[in-house]
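Reading through the structure tokens given below for one structure.
Read-outs: derived from the displayed coordinates by stated rules, not from any lab. Owing to the predicted nature of the structure, the values given are computational and were not obtained by experimental measurement. Heads up, the Cβs are rebuilt from the backbone with ideal geometry, glycines too, and the neighbour counts pull from every protein chain shown.
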Amino acid sequence: MKGREEVGKMPTSRAGLRVLGAAAIILSLAACSGVAGKDRGAGGSQELVMQSYTSRTVSYGVAMDAWMEEVTEATDSSLTFNANYDGSLYTVTEILEAVSDGRLDVGHFSVSYYPNQFPLTSITTIPFITDNLPAQMAAMDKLFKENEALQAEFEEKNLHYLGFLAVPGAIATAPEQFDSLDYFHRRTVRGSAGLIPALEAFGVTDIVTPPVHELYESLERGLADVVVGFALDVAVQMSLHEVTPHFVDVGAGQWADTVLVMNKDTWESLSEEQQRAIEAALENIPKNLVEAQIATEDEACSQLLAAGGTASRLPENVIEEWRQAASGPLKQGWIDQATKAGVENPEAFWDAYLAALEEAAQEFPDYQSGIARCVARAES
């Protein structure tokens with residue numbers, strides 16, 4: 001299997017998305033700067049260079065822009081941000097190193113691309129564990145505060161962890177409606193992140209992973225037939241509904257991840273007041289992210305249905321059949337990977353993750369995914 005899904009990343013070459021254009025790239029390139037030599041705790045005015053691999057218009061961009069605005073206001077503009085999106089400075093596979101070595105101050109990326117470097121964090125990419133997005137964010141933030149091994153995954157890379165930004169529940173996009181997993185056996189499937197081993201556990205072998213910016217063309221040219229593992233709003237913004245107009249909730253729940261981090265030297269160069277302002281604003285990111293996702297997902301659903309597309313959910317017995325086939329191999333695969341990466345007693349972290357999810361789910365009992373809301377609208 002080659003590559004990983006660029007979760008949430010927007011293309012720049014299709015159906016109204018070309019407007020990202022040269023001007024944004026020029027502005028982003030002008031933002032490049034390093035952080036070497038910053039004095040510990042000095043504070044003072046700083047412009048922090050931030051890079052996300054997603055688009056500014058998706059929910060992550062909306063939530064992070066709000067966070068940066070809060071920080072700037074709370075610090076009386078002693079901290080400002082030069083925010084860059086769509087991988088304009090560094091690609092999704094380069095952001096980690098760029099934050100680690102100080103070329104970026106703040107980075108937003110997916111650990112799906114680095115499972116061996118983030119063996120504990122990558123537990124969040126395992127499907128069929130939870131479909132409660134805010135609960136997953138709360139659980140991971142709780143575990144980070146309590147678990148030294150999880151903290152070390154970031155600190156040893158010169159990263160200061162800011163927060164976990166969850167990915168919406170997985171959908172499939174297909175050229176026709178389907179209600180059986182046998183459909184995947186007869187098609188070339190574009191798989192993504194944690195859904196790749198889930199598909200393999202059910203015997204699907206014809207899996208391809210073209211880069212996200214080539215996905216529309218791959219579907220158009222027949223290099224892939226169906227996409228398994230995408231978010232509703234991103235799929236519509238990428239115009240996937242033009243070539244695969246039937247969106248299906250596959251019941252896998254959370255299947256991928258994103259994290260927000262800061263270069264550790266940058267963090268330590270800030271004054272205590274600046275650090276407190278950042279942490280206070282971070283507390284609003286989960287709420288802002290969920291609100292932004294509701295807005296972008298509902299708009300995407302409207303566009304999908306207005307264009308003649310459909311939204312449906314696999315039958316519950318089919319979802320359970322897939323869950324039964326995949327859950328054991330997925331858990332063992334993660335344990336083996338974590339053990340190989342040097343994690344001691346990964347089973348204990350597995351149990352802690354499940355317990356944290358169960359506790360956090362009680363705080364968000366009414367959460368409903370965007371695709372679930374869209375299916376309800378389609379059936380009404």
### Task
List the residues whose amide H sits under 5 Å from the amide H of Val226, counting only those 5 or more places along or on another chain, with H placed 1.01 Å from N in the peptide plane.
Thr188, Arg190
### Message
Just to be sure I understand the model, the point goes 7 Å from the Cα along the line to the Cβ. What's the resulting Ala307 to Asp336 distance in nm?
### Response
3.9 nm
#### Entry: Set of aspartates and glutamates with alpha-carbon distance to Lys287 below 13 Å, sequence-local pairs under 8 removed
Glu363
### Task
For Ser271 paired with Asn317, estimate the spin-label separation in nm (one decimal), with each label point 7 Å from Cα along the Cα-to-Cβ line.
6.7 nm
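Gain in length, Glu242 to Glu73, computed as 0.36 nm per residue apart minus the alpha-carbon separation, to one decimal in nm? Present the calculation step by step, with values, prior to reporting the outcome.
On the way: separation 169, 0.36 × 169 = 60.84 nm, distance 4.16 nm.
Once the chain is fully extended between Glu242 and Glu73, it gains 56.7 nm.
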### Query
For the pair Glu299 and Glu359, how long in nm is the line joining their label points, each one 7 Å along Cα→Cβ?
3.7 nm
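Let me check I've understood the local charge: for Val318, count other residues with C-beta under 11 angstrom from its C-beta, Lys and Arg +1, Asp and Glu -1. What total comes out?
Numbers: positive: Arg313, Arg323; negative: Asp179, Asp182, Glu316, Glu320, Glu321.
Taking every Cβ under 11 Å from that of Val318, the sum is -3.
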## Note on the structure
Under the Karplus relation with 6.51, -1.76 and 1.60 and θ = phi - 60°, whole-Hz ³J(HN,Hα) for the range 368-377, x at Gly and Pro, equal 9, 5, x, 5, 5, 5, 5, 4, 4, 5
### Task
Can you work out the PRE-style zone for Leu223? Point 7 Å along Cα to Cβ, and I want the residues of the range 168-201 with backbone N under 13 Å.
190
### Task
Would you grab the residues whose amide H sits under 5 Å from the one on Asp131? Only those 5+ places off in sequence or on another chain, please, with H modelled 1.01 Å from N.
Gln254
#### Entry: Read-out Rg and Dmax of the Cα atoms in Å, derived from the coordinates shown; its label in [x] 24.6, 98; [y] 21.3, 67; [z] 20.2, 61
[z]
### Query
What list of ³J(HN,Hα) couplings, whole Hz, do you get for the range 146-159 from phi and the Karplus terms 6.51, -1.76, 1.60, once you set θ to phi - 60° and write x for glycine and proline?
9, 10, 5, 5, 5, 4, 5, 4, 9, 5, 5, 9, 6, 10
### Neighbour net charge for Gly203 - beta-carbon separation under 14 angstrom, K R +1, D E -1
-2
### Query
Length gain on complete extension for the stretch Gln177 to Glu291, per 0.36 nm per residue less the alpha carbon to alpha carbon distance?
38.1 nm
### Task
Can you tell me the relative contact order of the chain? Whole percent, Cα pairs under 8 Å, sequence separation 6 or more.
27 percent
### Query
So what J values fall out for the range 273-278 if you push phi through Karplus, 6.51 cos²θ - 1.76 cosθ + 1.60 with θ = phi - 60°, rounded to Hz, Gly and Pro as x?
5, 5, 4, 5, 5, 5
### Summary
Amide H proximity to Arg313 below 5 Å, modelled H, separation 5+ or other chain, gives Asp249
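Quick check: net charge around Ile294, other residues with Cβ under 14 Å of its Cβ, Lys/Arg +1 and Asp/Glu -1?
My count for the surroundings of Ile294 gives -3.
Trypsin sites (Lys or Arg not before Pro), restricted to the range 164-261: which are DSSP loop and have at most 13 other Cβ atoms within 10 Å?
Of the trypsin sites (Lys or Arg not before Pro), the ones in loops of the range 164-261 whose Cβ has at most 13 other Cβ atoms within 10 Å are Arg186, Arg221.
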### Task
Assign unit charges at the C-beta atoms only (+1 for Lys and Arg, -1 for Asp and Glu), then state the dipole size of the range 193-264 relative to its Cα centre in Debye, rounded to the nearest 20.
280 debye
### Query
Using a Förster distance of 30 Å, how high is the FRET efficiency between Ala152 and Asp351, based on the Cβ-Cβ distance and rounded to 0.05?
0.95
### Message
Using a Cα-Cα cut-off of under 13 Å, which aspartates and glutamates could be cross-linked to Lys331, ignoring same-chain neighbours fewer than 8 residues away?
### Response
Glu347, Asp351
### Message
For a quick check of your reading of the filter: which GluC sites (Glu not before Pro) in the range 97-167 sit in a DSSP loop and have no more than 16 other Cβ atoms within 10 Å?
### Response
Glu156
### Query
For the range 276-380, which chymotrypsin sites (Phe, Trp or Tyr not before Pro) are in a loop by DSSP, counting at most 11 other Cβ atoms within 10 Å?
none
